[in-house]
Amino acid sequence: MYIIALSNMTQASKAQFYLNRMRIKNRIERIKSPNKSCGYGLRVYEDPYRICDILSDINIKCISITTK
Amino acid sequence: MEELYRAMIYFDNAATTYPKPYNVIKQTLRAFEIYGANPGRSGHFFANETAEAVFKARNKCAALFNAEVENTCFTLNCTHALNLAIKGIITENAHLITTDLEHNSVIRPIHSASRKGCTYSIAKVEKNDLNTVKNIEELITPKTKAVICTCASNVTGQILPIKLIADLCKRKNICFIVDAAQGAGIIDLNIKEGINILCCAGHKGLYGPMGTGLLISDGKFHLKTIIEGGTGSDSNSIEQPIFTPDKFESGTINTPGVIALGAGIDFISKKGIAKIHKEESRLCNIFINELKNNNNITLYIDENIKTVPLISFNIKGISSFEAATLLSDSGFCLRGGLHCSFLAHNKLGTIEQGTVRFAPSIFNKPAEVYMLTDFLNNYTKKLK
C-alpha cells in the first residue's frame with residue numbers, strides 16, 4: 001500500500017473522482033504532509049508512480065509517495 | 001400565513017429566486033441529515049463523505065462556467081466574491097475602471113480602495129457595444145490594473161459586451177473581473193473566453209440558497225487574500241496557503257448551502273440556460289405589451305439593447321417605494337427603490353423616484369403576469 005500526498009482536500013477529491021472512474025481502488029486519508037503539516041492524501045494499492053502519471057493528466061501534482 | 005403564500009405572486013427574482021426547485025430544498029435537508037461533518041478538516045469517513053458531496057457541488061459549479069474545479073471557490077454571496085476579487089487585485093497606486101451601470105457591490109469596494117491611494121474611472125455604457133468598449137479603452141492608463149463590470153444591469157437589464165471587453169483586457173494585459181449576479185444562469189458565461197475572474201451569487205439565477213456565491217478564476221492573475229485563517233491545509237505555516245480554493249475559503253464553508261447550490265445547477269442545466277432566458281423573456285414581453293399603451297406607467301425599456309429578463313417601471317404620481325407597497329398589499333412581491341445601484345439610477349434619471357422592478361423566474365406563469373398587468377391597468381384608470 002502507498003500514500004500519495006496531495007496539496008488539499010479538493011485535489012484529493014478530484015483525484016479520487018478520476019481514479020474511481022478508472023476503477024483504481026483508492027481512499028482519501030488525512031495525513032501529515034511532507035512539510036509536517038495537515039494534509040490529505042490518497043491510499044492506493046497499485047503502482048503509485050503509474051497513478052501519479054495518470055493524475056498528471058488532470059493537472060494534479062503528487063507531492064510525495066510513502067510506502068505503508 | 002399559509003394563505004398569504006398561496007395568494008402571493010413573486011416577481012422579485014433579481015434579488016433572490018423564489019421558489020427554489022424541490023431538489024434544492026431536498027438536498028439542503030439531506031445535507032443536514034447525512035453530511036453533518038466538517039469537510040476538509042478531519043479524516044474520518046463521515047467528514048470524507050461530506051467532502052465528497054462538496055466536491056461534487058464544486059465540480060458542477062466549475063463545469064457551468066467551463067472553469068477548473070480548483071479555481072472555483074465558494075463565497076457567501078456575490079458581494080463577498082467581488083470584495084475578494086477587487087481588494088485582492090489592487091496594488092499601491094493602482095487604477096481601476098468600472099462602468100456607470102454598476103451595483104454598489106462593485107463601486108463601493110472600488111471607492112473604498114481610492115481612500116488607500118488607488119484611483120478609478122467610470123466608463124459610460126452606451127447602446128452601441130463598440131462605443132462602450134471604446135469608452136473603456138480611452139480610460140486605460142499604464143497604471144490600470146483591472147476592469148470590473150457587470151455582465152447585466154440589475155436596473156435596466158442591459159447586457160454588456162463581455163466578450164469584447166475581455167478581448168480588450170487581454171490585449172492590454174489587464175485583469176477583467178465580471179459581476180455575474182444578474183447573468184449567471186440566464187446567459188452563457190465561459191471563463192475560457194477571456195474573463196479572468198467571475199463573481200456570482202448562488203441564490204439568484206443558479207436557484208441555490210441564500211448565503212452562497214462563487215469566485216471563479218482562470219488562474220492568470222494573482223489575488224491577495226483579505227481574509228485569512230484555518231483551511232485544513234498547510235496548518236504548520238503562519239502564511240495562508242497559496243493554492244485555491246483553500247486560499248479563499250478560510251473557515252468552515254456553508255456545506256448545506258453549497259450542496260443545495262449543486263442541485264440548483266443541476267436544475268438549470270437540465271432546463272437549459274437558453275430556454276430559461278427565452279421563457280422569462282416571453283413573460284417580460286407580455287408585461288410590456290399589456291402596459292405599453294398605459295400613459296400612467298413608465299416602462300424603462302429600449303428595444304435597441306440586449307437585456308436579461310427584467311424590467312424597471314414606475315406608476316405616475318407615486319414613488320417606487322409607494323408603488324411596491326401598493327403591489328405588496330395586493331399580493332404582488334416586487335422590489336421598489338434604487339436596487340443598491342445609484343449609478344444606474346443616475347444614468348436612467350430615476351435617482352429621486354427609484355423604480356419598481358419586474359423580474360420573473362422560470363417558475364412564473366403568463367397568468368401571473370396578466371394578473372399583475374390587469375391590477376396595474378385597473379389601478380391607473382383611477383388616476384387623472
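Things to note:
- Between the C-alpha center of region B:356-384 and that of region B:199-260 there is a gap of 40 Å.
- Along each principal axis, taking the top coordinate minus the bottom one, the Cα set of the protein assembly as shown gives 86, 56, 32 Å in descending order.
- Taking the longest Cα principal axis of chain B as reference, the axis of helix B:366-381 is set at about 50 degrees.
- Projection of the Cα convex hull of region B:74-123, averaged over all directions and equal to a quarter of that hull's surface, yields 3.3 nm².
- Packing-based ranking, highest mean first, of B:338-348, B:175-185 given that Cβ atoms within 10 Å are counted: B:175-185, B:338-348
- Fully extending the segment from B:Glu33 to B:Asp188, taken as 0.36 nm per residue of separation minus the present Cα-Cα distance, adds 52.4 nm.
- The distance from the alpha carbon centre of chain A to that of region B:40-114 is 26 Å, rounded to a whole number.
- Listed residues B:Thr244, B:Thr307, B:Thr150, most fluctuating in chain B (Gaussian network, C-alpha, under 10 Å): B:Thr244
- Over the protein assembly as shown, dividing the summed -39,500 (n - 2.57) contributions of all DSSP H runs of at least 4 residues by the number of residues returns a 222 nm mean residue ellipticity of -12000 deg cm²/dmol.
- Overall dimensions of region A:2-67 by Cα: Rg and Dmax, Å: 10.4, 31
- Within-12-Å neighbourhood charge of B:Glu70 [Cβ basis; K, R +1; D, E -1]: 0
- Estimated FRET transfer efficiency when R0 is 45 angstrom, pair B:Asp167-B:Ala367 (beta carbons, to 0.05): 0.55
- Rounded to the nearest 20, the Cβ-based charge dipole of chain B about its Cα centre (Lys and Arg +1, Asp and Glu -1) stands at 540 debye.
- Charge tally in the Cβ shell below 15 Å around B:Gln27, where Lys, Arg are +1 and Asp, Glu are -1, B:Gln27 excluded: +3
- Net charge dipole size for chain A [Lys, Arg +1 and Asp, Glu -1 on Cβ; Debye, nearest 20]: 240
- Efficiency of FRET between A:Arg27 and B:Ile226 - r from beta-carbon atoms, R0 30 angstrom, step 0.05: 0.25
- Summed side-chain charge close to B:Asn364 - residues other than B:Asn364 whose Cβ falls under 9 Å, Lys, Arg +1, Asp, Glu -1: -2
- Farthest toward positive dipole pole in region B:22-270 [+1 Lys/Arg, -1 Asp/Glu at C-beta], among B:Thr244, B:Leu101, B:Val147: B:Leu101
- Magnitude of the charge dipole, the protein assembly as shown, Cβ model with Lys/Arg +1 and Asp/Glu -1, debye to 20: 480
- Whether chain B is rounded, prolate or oblate, judged on the alpha carbon gyration tensor where a/c under 1.5 counts as rounded: oblate
- On Cα atoms only, tilt of B:255-271 relative to the major axis of chain B in degrees: 60
- Estimated D of region B:258-362 in µm² per second, where Rh is the Kirkwood radius over Cα pairs and Stokes-Einstein applies at 20 °C, 1.002 mPa s: 141
Read-outs throughout are calculated quantities, based only on the coordinates presented, and are distinct from any laboratory measurement. Since the structure is predicted, the reported quantities are computational estimates derived from the model, not experimental observations. Note that each Cβ is placed from the backbone with ideal geometry, even for glycine, and that neighbours are counted across all protein chains shown.
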